Structures are given as C-alpha cells and as structure tokens.
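Have a look at the structure below before the remarks.
The values are calculated or read from the model by the stated rules, or taken from the named source; none is laboratory data. Here the structure is a predicted model, which is why all the values come from computation and not from measurement. Virtual Cβ from ideal backbone geometry, glycine too; neighbours counted across all protein chains shown. SASA here: full protein model, heavy atoms, side chains in, ligands and nucleic acids out. Shrake-Rupley method; radii C 1.70, N 1.55, O 1.52, S 1.80 Å.
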Amino acid sequence: MMADQAGGVLVCGSDQVLEGGRGVRFGVRAFGDKATGFVVRHRGKVYAYLNRCAHVPIELDWAEGEFFESSGLYLMCSTHGAIYVPESGFCAGGPCKGGRLRPIGVREEDGQIYWQPDEFIKPPAA
C-alpha cells in the first residue's frame, strides 16, 4: 500500500480494472473494523465502494473481483441478488431497495487508481 502526495492510497494500475468487468479489491478499516473496498469501471469512469451489501453486511463479489452481473450494467450482491447502480451505489432492485453502497473517494491519474481515506474508511493497520 502506497500513499501519494495528495494523500490517496494506491489501489492498482488502471489497466487492471476492466469496463463492466473485473474489479479490484483492496484492504481498508471501515468504522474501526477490518474490511475490503473495491473499485470498478463503468462507462469509462472508476467508482469505489465499501465491499458490504446494504441489505446484510456481507461482501458482494461472487468470485474475487467479480461485482457486475452478466450484462455488465449493474453491480450485484452474490448472496441475495441485490442490484446496484455503478455510478451512485444506489440499490435498483432486490432486498435492499432504497439502500446504497458506502462510496469511497477514488481517482485515476497517470495510469494508476488511488482511493481516498475519510473519517470512516481508513487504510488497514500496518
């Protein structure tokens, strides 16, 4: 884990996050507990969220890095089938209707993707 000058934490190279496909998981501390975040690419932009379903606090991916459902248009919880809009994290269907994923600030710069810690989501303990 490397921080850059702007305080972001390096996730991976841009080429590792595929459009509407495989995402990348990264370790975080969420509200004081060990957890994971994830970054995906949708319509050319990267988005990052806490890897925790809004319905039941379990990880979304059904295989490591697999967050999109088969059409590549929505993020989907592997356990209960909750569907999320990639741009906003809002639940578009399933048991979490009205809920949303917890966003994590993310930016893409010079072929790298960085996430931004905040008061609730912090880098994992060393």
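Data table
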| quantity | calculated |
| --- | --- |
| Tally, over segment 68-104, of residues that are more than 15 Å from HIS42 (Cα to Cα) and open to solvent by less than 40 Å² (accessible area, probe 1.4 Å) | 9 |
| Test for VAL46: is it crowded, with 19+ Cβ neighbours inside 10 Å and touching a helix residue (DSSP H, G or I) at 6+ places or on another chain (Cβ under 9 Å) | yes |
| Residue tally, condition open to solvent by less than 10 Å² (accessible area, probe 1.4 Å) and either hydrophobic (A, V, I, L, M, F, W, C) or in contact with a Pro (Cβ under 8 Å, 6 or more places away or on another chain) (or both), over segment 16-41 | 6 |
| Some residue of segment 80-89 being in a strand (DSSP E or B) and modelled with pLDDT under 95 | yes |
| Selection within segment 105-126 - open to solvent by 60 Å² or more (accessible area, probe 1.4 Å) and over 14 Å from VAL39 (Cβ atoms) | ASP110, GLU119, PHE120, LYS122, ALA125, ALA126 |
| From ARG52, ARG41, residue being in a strand (DSSP E or B) and touching a Leu at 6+ places or on another chain (Cβ under 9 Å) | ARG41 |
